[in-house]
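Remarks on the structure that follows.
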Amino acid sequence: MNETIQTLKERRSVRNFTDKPVDKELIEQIIDAGLWAPSGLGAQAPIILAITNKELRDRLSKMNADVMHAAGRGPAEDFDPFYGGPVVLVVLSDKAVPTYVYDGALVMGNLMNAAKSLGVDSIWVHRAKEEFESEEGKAILAEFGVDGEFEGIGHCVLGYAAKPAGEGARRNDGRVFWAE
């Protein structure tokens, strides 16, 4: 089977990372793959915040957990929605571009699949929209020098799985309709 297709079939979300750091060179390659995602009208609306700083990573984790709890979801207050992953790539997208959400989702897909191809595990964690709509989130964007109206699309959490991922779920039947 084609190597790319095999990678797509084998990628799994990881919910228990080790604290082993991910080499910066690998992170840069993963980010580069994300930046090559297709985008509507070639606008390249998404941006990526690359977070390896533990203090900021933990701050975002707390913000994410707070959003989860405010909505009445999630486990105990001390829960880490990033599952111990040491790297967080936050994808945001320029709201002025009509396809910004789709473009950001394609970046997220590229990030996770590139990570798998390089031996790095990942998970997509939601609630970036709510985080970066908050005053604290807007302040973080300002610290990065990000100016404009950006919406958080997702967090691509990277690291190494504490235990091997299981088999993927069987694909549901009845999801393809042909017109020949």
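The values are calculated or read from the model by the stated rules, or taken from the named source; none is laboratory data. Predicted model, so just to flag it, every value in this text is computed and none were measured. A quick note on method: Cβ atoms are made from the backbone with ideal geometry, for glycine too, and the neighbour counts reach across all protein chains shown. Quick note on the areas: whole protein, heavy atoms, side chains included, nothing else; ligands and nucleic acids left out. Shrake-Rupley method; radii C 1.70, N 1.55, O 1.52, S 1.80 Å.
What the table below lists for this structure:
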| item | result |
| --- | --- |
| Net charge dipole size for segment 102-145 [Lys, Arg +1 and Asp, Glu -1 on Cβ; Debye, nearest 20] | 260 debye |
| Sulfur and carbon atoms: percent of accessible area, segment 1-142 [1.4 Å] | 53 percent |
| Cubic angstrom per residue, convex hull over Cα atoms of the chain | 164 Å³ |
| Peptide ranges 66-72, 29-35 listed from the most packed, as the mean C-beta count within 10 angstrom indicates | 29-35, 66-72 |
| Mean accessible surface per residue for the chain, computed with a 1.4 Å probe while every protein chain stays in place, in Å² | 60 Å² |
| Fraction of antiparallel bridges per DSSP, the chain only, in percent to nearest 5 | 95 percent |
| Dipole-positive endmost among Ser93, Val67, Gly159 within the chain (Cβ charges, Cα centre) | Gly159 |
| For segment 1-61, the fraction of alpha-carbon pairs in successive 10 Å shells from zero, as % | 15, 36, 39, 10, 0 |
| Unit charges on C-beta of K, R, D, E only; dipole of segment 14-76, Debye | 300 debye |
| Magnitude of the charge dipole, the chain, Cβ model with Lys/Arg +1 and Asp/Glu -1, debye to 20 | 700 debye |
